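Worksheet: the structure to be examined is printed underneath.
The values are calculated or read from the model by the stated rules, or taken from the named source; none is laboratory data. Owing to the predicted nature of the structure, the values given are computational and were not obtained by experimental measurement. Cβ atoms come from the backbone with ideal geometry, glycine included; neighbour counts cover every protein chain shown. Surface accessibility is based on the protein's heavy atoms, side chains included, excluding ligands, DNA and RNA. Shrake-Rupley method; radii C 1.70, N 1.55, O 1.52, S 1.80 Å.
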Amino acid sequence: MTAGQDGKGARMASPLKVAVAGLGTVGSGTIKLLQQNADRLTERLGRTILITAVCDKDHSPRDYPVDGYRWYDDAIRMVAETDADVIVELIGGAEGPARAVCERALAAGRHVVTANKALIAHHGMALAATAEANGVTLAYEAAVAGGIPIIKTLREGLIGNERRQVFGILNGTCNYILTGMRDTGREFEAVLAEAQALGYAEADPSFDVDGIDTAHKLAILATVAFGCTLDFKAVHVEGIRHVSPVDIAYADELGYRIKLLGIAALTDRGVERRVHPCMVPAGAQIAHVEGVFNALVVDGDFVDTVVQVGRGAGERPTASAVVADIADIARGTRQPTFGVSVRHLRPLAAAPMASHRGAYYVRLMVVDRPGVFADIASILRDNDVSMEAVLQRGRAPGEAVPVVMTIHETEEAAMVKSLQQIQALSWVVEPPRMIRIELI
């Protein structure tokens, strides 16, 4: 067979040269996929993807061959010296080497593929502008929801639709913890420790359980979905540390399940970008997405509702997304980073969280005595907040008992003010717990 031809005699394009910075979980998975499925990729793309260089400070043996690649300890030096067409940044972190590698690669006219959601959430606008100025691609499918192709879905598959809302479960660690608490009745800390032992949670789980990881992803999704400027600081962020087995049990009784959701929506007040625990109806599709799985829901004016479910993290799913981006570059497929040119992204107003309208679940721990409900009702009435239902199990005069309320749709500011006033009452023995109800 003549060089440069496939088995049928068709002329093949020259190999796409790739350099990988970071050989951790995702970097290793990416190399394994490119090695194991090399023939399949060549057949489908009409050209070979050729790894020419790798970078990692850890030189310990891997369970895949790396002898044929030029090895670097310094990723910035790798960018300067390698002739790779694509730099794959899998170092992580919004600053430091990861940012420098992407900036220098794009400025030098190299395509960049990354799984770095923090980098894109904080610096994506500037990086995209550099990519556009130099006629190269900045691709980041793996940064949001692992193996679920949500960026391609929004940017390409639903390009003809007006998108009013995108929401979902974007962090497998939190979903695993909430599922474990519901299934076993254990406290947050116990299920977190189990998740850490299984490798689903980091030693320092703050980015996951405090909602920051989800917020990074949601900021990106809002920009792609709505064509608005990327604004991580506009995301309202709450985590799951305060969710208790008591709340989960009451949610079940009321016909809900608790999920940490990232929600982006266009409203008449501007763009809502919010991350927080939600009670969702038990019959909703997303309520049944359990364990480490992620789920995304997109509402489009012509397609109606699209639901995607899959593994949102891990070596293989994330590597699958990285290689999908490399494959687009190999085919010569070019898409604006966020669906439209950076200069055409709209500076839409951010909707204040205080103006959000919705229903609420509230749990109070109060001393059981006459007049409690009258005091609660008076405060809610004065703030134009209406109770839907009240649950109280048993009586214990003089002792602390839980009182659970569901609240009709109201403004967040009124709900927060009401709870501040209720907490100040002498018979309230711990801070009120509030969880928003999403009737999705």
Suppose we filter R186, R241, R182 for residues that are assigned to a helix (DSSP H, G or I), open to solvent by 50 Å² or more (accessible area, probe 1.4 Å) and in contact with a helix residue (DSSP H, G or I) (Cβ under 8 Å, 6 or more places away or on another chain); which single one remains? R182
Restricting to the stretch 232-285, count the residues that are within 14 Å of Y360 (Cα to Cα) and among the hydroxyl-bearing types (S, T, Y). 2
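Each row is one residue, and each column tells you yes or no for (1) without any contact (Cβ under 8 Å) to a residue 60 or more places away in the chain; (2) more than 20 Å from L138 (Cβ to Cβ); (3) touching a Leu at 6+ places or on another chain (Cβ under 8 Å); (4) not β-branched (V, I, T).
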{"residue": "V322", "(1), (2), (3), (4)": "no, no, yes, no"}
{"residue": "A327", "(1), (2), (3), (4)": "no, no, yes, yes"}
{"residue": "A330", "(1), (2), (3), (4)": "no, no, yes, yes"}
{"residue": "G339", "(1), (2), (3), (4)": "no, no, yes, yes"}
{"residue": "A349", "(1), (2), (3), (4)": "no, yes, no, yes"}
{"residue": "A354", "(1), (2), (3), (4)": "no, yes, no, yes"}
{"residue": "G358", "(1), (2), (3), (4)": "no, yes, no, yes"}
In the stretch 298-315, anything under 19 Å from K217 (Cβ atoms) and surrounded by fewer than 21 Cβ atoms within 10 Å (Cβ to Cβ) is listed as D299, V306, V307, Q308, V309, G310, R311, G314, E315
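Residues checked against (1) among the acidic types (D, E); (2) open to solvent by 20 Å² or more (accessible area, probe 1.4 Å); (3) in contact with a strand residue (DSSP E or B) (Cβ under 8 Å, 6 or more places away or on another chain); (4) part of a loop (DSSP other than H, G, I, E, B):
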residue	(1), (2), (3), (4)
F373	no, yes, yes, no
T406	no, no, yes, no
K417	no, yes, no, no
R436	no, no, yes, no
Can you find a residue in the stretch 198-213 that is in contact with a His (Cβ under 8 Å, 6 or more places away or on another chain) and buried (at least 22 other Cβ atoms within 10 Å of the Cβ)? yes
Evaluation of D384 against (1) in a strand (DSSP E or B); (2) under 28 Å from R269 (Cα atoms) (one fails), failing number: (1)
Could you count how many residues in the stretch 60-107 are open to solvent by 30 Å² or more (accessible area, probe 1.4 Å) and either over 17 Å from G124 (Cα atoms) or of a type in the set (F, W, Y) (or both)? 18
Filter result (in a helix (DSSP H, G or I) and under 23 Å from A287 (Cβ atoms)) within the stretch 304-340: P317
